[in-house]
Amino acid sequence: MKIKILFCFCLVLLFTGCHEMYTVHYVYRNGTDKSLEVVAYDITDNAQGSAVEIQYRFSLVPDGEYSITVHVPGNSNFFPFWTVDYVQLSNDEQAVVFAKAGDIDGVKYSIFRPDCYKERSRKRTLWRTYIFTDADFRDGVPVTEESDTDY
């Protein structure tokens, strides 16, 4: 999967040319009163079948945060979860799976949408913050139930 991320980055460079590089910090905060587990999966179909690879996995205590830092050309709009197929979010009571379907503009799940991130910048450093809330669990299922997905 690292090759896929590298390819996406090179593709961005190809179309943007040589621009100043920016450091972008994607900050994920837990705005709930429960500990959260976030796991992002990439699924690749090949001749041997489907391969599932975990791209990101992190835990967040209440009011805690986790950062993913990347270096991108100035006018690039890369987001970490754009390279994955599913993100599973769980707490002690519920789990919910967000699937990226189709192009980014048609995606309804906020974790995949740039407009759902708060943004601030200083010089060539940008912070994009997403806050997990109880609303992210609106379509969740109890963690004790069997899942229909084979992760």
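Values quoted throughout were computed directly from the atomic coordinates according to the rules given, and no laboratory measurement underlies them. Please read these numbers as outputs of a predicted model, since none were measured by experiment. Cβ placement follows ideal geometry from the backbone for every residue including glycine, while neighbour counts extend to all protein chains displayed.
Summary table below
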quantity: Fully extended contour minus Cα-Cα distance, from A99 to D134, at 0.36 nm per residue; calculated: 10.8 nm
quantity: Segment V70-E20, length gained on full extension (0.36 nm per residue, minus Cα span); calculated: 16.6 nm
quantity: Gyration tensor (alpha-carbon) shape descriptor, segment 50-90, a/c threshold 1.5; calculated: oblate
quantity: Ordering of 116-126, 89-99 by packing [mean C-beta count within 10 Å, highest first]; calculated: 89-99, 116-126
